[in-house]
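What follows is a single structure, written as structure tokens, with notes after it.
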Amino acid sequence: MASNITARGNPGRKKIGKDGVLLFLLSTPFIACMIAFNYFPVYGWVYAFFDYKPGIPLAQTPFAGFAHFKAMFDAPDDLINALVNTLAMNFLNILLSPLAIVFAIMLNEVRSTKYKKFVQTFSTLPNFISWVLVFSLTFAFFSTEGLVNTLLAKLGSSHAVDPIGNERITWLFQAGITVWKTLGWSAIIYIAAIAGIDGELYGAAKVDGANRFRAIWHITVPGVLPTFLVLLLLSISNMLSSSFDQYFVFYNPLVAGKIEVLDYYVYRSGIKVGDYPFATAVGMFKTLVSVILLFSVNFVSKKIRGQSMI
Amino acid sequence: MKKTKASRPMSVAAALCLTAALTACSGGNSNSASPSGSAAPGGSSSPAAGAVKLSISWDQQFNGTPGVQNNPVANEIKAKTGVTMDIISSDPDKIKVMLAGGDLPDIMILPPDQAKVALDGKLVMPLDELLAKAPNISKFQTALDVINARLNNTDGHHYFLPINIAPNAKPFSNYAPWIGWYTRWDYYKEQGYPELKSYDDMIPMLADELKKHPTTDEGKKVYGLSGWTDWGLWSYYVPFVYAEGWTESTKNTTTKPDGSYVYRYAADGPFWRGVEFYNKAFRAGILDKEAFTQKYSDYQGKVKSGQLLTIHMGWELDGANAYFKAKGQDDKGFVAQVVDGATSQAYSLQSIVGLNDPWIVISKNCKDPERAIAFLDYLYSYEGSGLLSNGLKGTQWDIENGKPEFTDATIKARTEDKDFGVKTGVGLYGKLQGLGGSTVDPSTGAYLDYGLTEKYFKTKLNPLDKDYSEHYGGTYPGDAWNKLVEQGKAKSLSPAFIPALPALQSQGDDDLAKIEANIEQILIKETPKAVMAKDDAAFQKEKERILGLVNKAGMPQADAFWKKSFEDGMAKYKELVGDVK
């Protein structure tokens, strides 16, 4: 591909070529969208510094300074609980993320193309089901009269399971549901990465006497590892903003202490309690933690891989 | 509608006196009218030039199909006013977001707890100039003044319209009690009509029933008591408020059965009364644990499939009993549980101030305020309110023996067809109905709601209700409760319930509202732990822990505010009406 930026004339000064201008123009709508939907809303942070009430123009709203931030840290129990829940559930998701690689490798080893495609399609479908439907399905399976408890009762068990209302297993249960919903979809990128591995490597390994497992371990796994690391780093930096829908639909008083994540806490403070400035302040705090995580991960990535993400 | 307010007949006089006094105090209201109501019969509206579509947001989930309304009642309204209703189903969160974002429909049904936000943010339209063109609404200036007083609004404008105003308020008898505890009559009878000294005695009774009938005929599991999560804390305490004689003049002011003030969430308030009851039910093994995880729709599913031994609301009776009726078991089903000294809600009272909750507003974004007020004014006429309540003459009702009555087919359909309201529009738009059902229409001399007639009660009476009523010496369930009151076995609603009291009380500011919203959120989250305490000591420990949390969140501050507000309101009330019990 021709270079988009070509150096002409004065050494050290770069001039943008025609291709560069074209590409820039092509990207303009997306940049505009990003500014409109990602940067412009940041203006809303200003509400954290005012005693905002709906309908009253900001110019007529009393300035509150850092009062709402102070309130956040004066009674930090809920905030800390939400932060712990967010981090715990997302770390569990990250811990379980290699399952997608295992699934992709297993799928890659299947000889029957028809069966492989069927499994791939079937496992990808849950990704497109809304969280509301996932909750309904889960309720149909795990409620007192759900499939699981009915089966248990028919098998003579007097013990009923209630993962939807059991606080002790909330984190694990939510991680399990996330895996069920996203496994097939996450595996797609790894299947693509495996497809990109030079086939001659497998041939050479076979000549060297490697069995199937050895070939996977020494060729496939190293082949998909860079992809895994990039996705891992991205998911860590984005972990505080993930899956509000999931935790919202599964929220109930029995598991509230373990499922209330930062986004839910923002929703509760803003919409339920009506304290919009406080909710905005919590949202800003969340962004700060996300940025710290991003730079930390970037630092680690730089140290380990010698490459910076940003 | 979740709640309604009622009082014993003796408060009628007090309310009317207060009304007169308030009217006198309101000053500067040129359109004031006599509360006894000289509203002209019939609506004055006629289709204005051209049709217009007005968007109207509900305060809760709309019972019909949201969007442009197309049913006989909606079409008649369109013919009379030229307005096509475009209903937006809603919930408290959605309303808050609409107000915060300024994305407002033409007309809104607002709960009072959002009224201050709407008012302070100037999100609603002052109605004074428009009211000059609304003769029917203008007759109820007093009711508008009461809302202003309740909101401490002194800017001289009126913004909020109350609904279900009864200009010539007089008590009426419901077919059956409205909110409380309803149990299976066939099982109660099977147990030999055990005498219950208090509602707590229901628990061993329900446990026995559950032991004998653990599953439905279809093999589904049966529960003694259940609940739901999406109405906040409602199911914990509201049935007790109505059944045990507590009162709740507004969301914030509750009184004990003896009439003394108590904060709703205080240790000795109605909320903890309910939590204690739920804990006892849990310990007796009759509580459905999904009460803490299921939504109202899931709960409704259990109600309609015969899986519960207790329900909380009178308006669910037809739906719950339809399960038995469909199987030809007309003598089985739910009735209001009679307990020694329980509070009867057979008598109800609507007042000149209308319902406390919700109110109607025209939003600042309304595209055609004049058409909006003309539309609303029609619904505040006898004709308009009657149309919403009863449907069309010759179709849903007709004149029989000189009196308006629902036809037999309508009564049958109302009782048996759960989609009757959606199909016909009858009763579907109650939150736009200006006049209450107990208003006497001067043109007919009958209650505006034809569901309050003797014919309606007699035709509606099924073998189940007949057996129940006759057991207590009445002709229909509401009448049976009246008889129990006459015999001293049940009480009328507490005299501490004063419909107009909210108007005399000072109201909290936004900070207090935030504190109270936070308290509610804490209680929603923590209460199940107390309900599931294994013994008295564990329950007490949990109760104290939760009270510690809400105290830390500012409950003493809220309690102190409302106590003073209640005392000041009562002092003003005494000044206005004299002797108060």
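The values are calculated or read from the model by the stated rules, or taken from the named source; none is laboratory data. Note that the coordinates shown come from a computational prediction; the quantities given were computed from them, not determined experimentally. Note that we place each Cβ from the backbone using ideal geometry, even for glycine, and neighbour counts take in every protein chain shown. Just the protein is used for accessible areas: all its heavy atoms, side chains included, with ligands, DNA and RNA removed. Shrake-Rupley method; radii C 1.70, N 1.55, O 1.52, S 1.80 Å.
Of B:K96/B:K256; B:K197/B:K418; B:K423/B:K460; B:K212/B:K332; A:K272/B:K122; B:K418/B:K525, which ones are farther than 25 Å apart at the Cα?
B:K96/B:K256; B:K197/B:K418; B:K418/B:K525
How large a share of the accessible area of chain B, in percent, is made up of carbon and sulfur atoms when the probe is 1.4 Å and the other protein chains stay in place?
For chain B, the apolar C and S fraction of the accessible surface comes to 52 percent.
Can you compute the FRET efficiency between A:L25 and A:T150 using 1/(1 + (r/R0)^6), with r the Cβ-Cβ distance and R0 = 60 Å? Round to the nearest 0.05.
0.50
Karplus couplings for region B:477-486 from phi (6.51 cos²θ - 1.76 cosθ + 1.60, θ = phi - 60°), rounded to Hz, Gly and Pro as x?
Each residue's phi maps through the Karplus curve to give x, x, 5, 4, 5, 4, 5, 5, 5, 4 Hz.
Please give the charge dipole size of region B:85-222, origin at the Cα centre, charges +1 on K and R Cβ atoms and -1 on D and E Cβ atoms. Round to the nearest 20 debye.
Numbers: 15 positive and 20 negative charges, 45 e Å.
Once rounded to the nearest 20, the dipole reads 220 debye.
Can you list residues whose amide H is under 5 Å from B:Y223's amide H, if they're 5+ apart or on another chain and H is modeled 1.01 Å from N?
Amide H neighbours of B:Y223, under 5 Å, 5+ apart: B:L308, B:L309.
Quick one: Karplus J couplings for region B:456-464, per residue in order, coefficients 6.51, -1.76, 1.60, θ = phi - 60°, nearest Hz, x for Gly and Pro?
Those phi angles translate into 4, 4, 5, 5, 6, 4, 9, x, 4 Hz.
Before I look further, what does region A:66-305 give for accessible area per residue, probe 1.4 Å, in whole square angstrom?
Value returned for region A:66-305: 52 Å² of accessible area per residue.
Give the ranking of B:T65, B:T254 by solvent-accessible surface, highest area first, calculated with a 1.4 Å probe.
The ranking, largest first, comes out as B:T65, B:T254.
Only Lys, Arg, Asp and Glu count, each charged at its Cβ (+1, +1, -1, -1), so figure out the dipole size of region A:198-310 about its Cα centre, rounded to 20 debye.
Value, rounded to 20: 240 debye.
How far is it, in nm, from the label point at B:D201 to the one at A:A140 when both lie 7 Å from their Cα along the line to the Cβ?
Rounded to a tenth, the inter-label distance reads 4.6 nm.
May I ask you to work out the translational diffusion coefficient for chain B at 20 °C, viscosity 1.002 mPa s, via Stokes-Einstein with Rh from the Kirkwood sum over Cα pairs, reported in whole µm²/s?
For these conditions, the coefficient is 87 µm²/s.
Hey, in the GNM for chain A with a 10 angstrom Cα cutoff, which one of A:N108, A:N211, A:N127 fluctuates hardest?
Of A:N108, A:N211, A:N127, the most mobile in the Gaussian network model is A:N211.
Keeping all protein chains in position, work out how much accessible area B:M555 exposes to a 1.4 Å probe, and write it in Å² to the nearest 10.
10
Under 13 Å from a label point 7 Å along Cα→Cβ of B:D330: give me every residue in region B:441-480 with its amide N that close.
Backbone N within reach: B:459-467.
Can you find, among A:Q307, A:A59, A:P76, the residue farthest towards the positive end of the dipole of chain A? Put +1 on the C-beta of Lys and Arg, -1 on that of Asp and Glu.
A:Q307
Once amide H atoms are built 1.01 Å from N in the peptide plane, which residues 5 or more positions from B:G82, or in another chain, come under 5 Å H to H?
B:A48
Looking only at Cα atoms, what is the convex hull volume of the protein assembly as shown per residue, in Å³?
Convex hull of Cα atoms, per residue: 229 Å³.
Report ³J(HN,Hα) in whole Hz for each residue of region A:295-301, in order, from the Karplus equation J = 6.51 cos²θ - 1.76 cosθ + 1.60 where θ = phi - 60°; Gly and Pro get x.
Taking θ as phi minus 60°, the curve returns 5, 5, 5, 4, 5, 4, 4 Hz for region A:295-301.
Which loop-located trypsin sites (Lys or Arg not before Pro) does region B:79-134 contain, where loop means any DSSP state but H, G, I, E or B and the Cβ has at most 11 other Cβ atoms within 10 Å?
Sparse-neighbourhood loop trypsin sites (Lys or Arg not before Pro): none present.
Taking 7 Å along the Cα-to-C-beta vector as the label spot, tell me the A:A36-B:V68 distance in nanometres, rounded to one decimal.
Label at A:A36, label at B:V68, 2.9 nm between them.
Treating the beta-carbon of each Lys and Arg as +1 and of each Asp and Glu as -1, no other charges, what is the dipole magnitude of the protein assembly as shown about its Cα centre, to the nearest 20 debye? Provide the component values of the computation, followed by the final result.
Numbers: 89 positive and 87 negative charges, 600 e Å.
Computed charge dipole of the protein assembly as shown: roughly 2880 debye.
Rounded to the nearest 10 Å², what accessible area does A:H68 show when all protein chains are kept and the probe is 1.4 Å?
Result for A:H68: roughly 20 Å² accessible.
Using the eigenvalues of the Cα gyration tensor, what equivalent ellipsoid semi-axes result for chain A when each is taken as the square root of five times the eigenvalue, whole Å, largest first?
39, 36, 17
Does region A:11-116 come out rounded, prolate or oblate, given a ≥ b ≥ c as the square roots of the eigenvalues of its C-alpha gyration tensor, rounded meaning a/c under 1.5 and, failing that, prolate meaning a/b above b/c?
Oblate shape, in that a/c is at least 1.5 and b/c is the bigger or equal ratio.
What residues have an amide H closer than 5 Å to that of B:A342, excluding those fewer than 5 places away on the same chain, when H is modeled at 1.01 Å from N in the peptide plane?
Excluding prolines and chain starts, which carry no amide H, the hits are B:K491.
Roughly speaking, what is the stretch gain from A:A195 to A:V110, that is 0.36 nm per residue apart minus the C-alpha to C-alpha distance, in nm to one decimal?
Full extension from A:A195 to A:V110 adds 29.2 nm.
Treating region A:156-310 as a set of equal point scatterers at the Cα positions, no solvent, please give the Debye-formula log₁₀ I(q)/I(0) at q = 0.11, 0.12, 0.15, 0.19 Å⁻¹.
-0.69, -0.78, -0.99, -1.20
Provide Rg over Rh for region B:165-238; use the alpha carbon set for both Rg and the Kirkwood Rh (inverse mean inverse pair distance). Mind dumping the intermediate values first?
Working: Rg = 16.6 Å, Rh = 15.4 Å.
My calculation puts Rg/Rh at 1.08.
Per-residue accessible area for B:K393 at 1.4 Å probe radius, Å² rounded to 10?
130
Roughly how big is the B-A contact, given as buried accessible area in Å² (both sides, 1.4 Å probe, nearest 100)? Could you put the intermediate results ahead of the total?
Values: alone 22890 and 19620 Å², together 39870 Å².
Roughly 2600 Å² of accessible surface disappears when B and A pair.
Let me know the longest stretch in chain B that avoids all GluC sites (Glu not before Pro) found in a DSSP loop with at most 12 other C-beta atoms within 10 Å.
B:219-581
Please give the calculated 222 nm ellipticity per residue for the protein assembly as shown, where each DSSP H segment of at least 4 residues contributes -39500 (n - 2.57) and the sum is spread over every residue; nearest 500 deg cm²/dmol?
-15000 deg cm²/dmol
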